[in-house]
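So the structure is just underneath, and the comments pick up after that.
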Amino acid sequence: MAASVPRGRLSRRGRVVAAAAALLAVVLLIVAFNEPRQISGVATDRLGPAQGEQVRDYLDDARTSLEGDADGPRWALASFTEYLTPQQIPAATAGLRVSGVIHHVPIDRVQTPMITVATPAGDEPVLRSADAAAGLLAAQRFRDERSAQVVRVVESRLRAGCACTAGLVVRGTLPELRDLAARPGVRAVQALPADAVAGRFAVSPLLPDSTGIITPTPDDGPVPTE
């Protein structure tokens, strides 16, 4: 079956997104260890940049997604200039409802998993999301010993409360999302079309250190012991 091209983006990104449609990133409550998985059914919306996309193009299109005066809340991805700790999340979101927290432990030249944790309303689930992510990792089977070592380090750092939150899936109106995008430390906010359905869109975070073209992280460095 041919992959569907995501809606709600400018035409100049059409070829990039179409070529990367098979690489849909992690969705809520799914752990993707360096191999993005597609959700069941056909996902026609995505949040975040595609593999092979220029970061500057994604940032431009994220700004465009916030234009207009339409009423009603929308799903959106908030990306930051630096990784956050769980304790920093409530203050960083300007009171918007957080429905998903994307955790990623950065290690130089080591591929580490993206873990997106669905969060009910309120601050407490957000504050506990790193522990929840660590628990999801602990339940995984490993391809090889290197993968097992990576997961042990990532799990340990998440449980220690590291600054490892790479992005947030939030819900708000366009004015609210524009206000969020203007806050210090927010790198981008990208909104989906108003008719996007929860659980029917893919999420791929824009990491704080991503520049140039979105490509896989090198995986030729040593895995730290802790």
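No value in this document is a laboratory result; all are computed from the given coordinates. Worth saying up front: this structure is predicted, and the values here are computed from it rather than measured. Cβ atoms come from the backbone with ideal geometry, glycine included; neighbour counts cover every protein chain shown.
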* **Single residue of segment 88-114 satisfying the filter (over 27 Å from ALA196 (Cα atoms) and under 18 Å from the mean Cα position of the chain (by Cα)) that is surrounded by the most Cβ atoms within 10 Å (Cβ to Cβ)** => VAL105
* For segment 62-87, name all the residues that are crowded, with 16+ Cβ neighbours inside 10 Å, within 16 Å of the chain's Cα centre (by Cα) and either in a helix (DSSP H, G or I) or of a type in the set (Ser, Thr, Tyr) (or both). => ALA62, SER79, TYR83, PRO86
* To do: Quick one: count up the residues across segment 133-154 that are among the basic types (Lys, Arg), closer than 19 Å to VAL117 by Cα and touching a residue at least 24 places away in the same chain (Cβ under 8 Å).
  => 0
* **Qualifying position, being basic (Lys, Arg) and in contact with a helix residue (DSSP H, G or I) (Cβ under 7 Å, 6 or more places away or on another chain), among ARG128, ARG159** => ARG159
* To do: For segment 93-102, state whether one or more residues are in contact with a helix residue (DSSP H, G or I) (Cβ under 8 Å, 6 or more places away or on another chain), free of Cβ contacts under 8 Å to residues at least 60 places away in the same chain, more than 29 Å from ARG56 (Cβ to Cβ) and outside any strand (DSSP E or B).
  => no
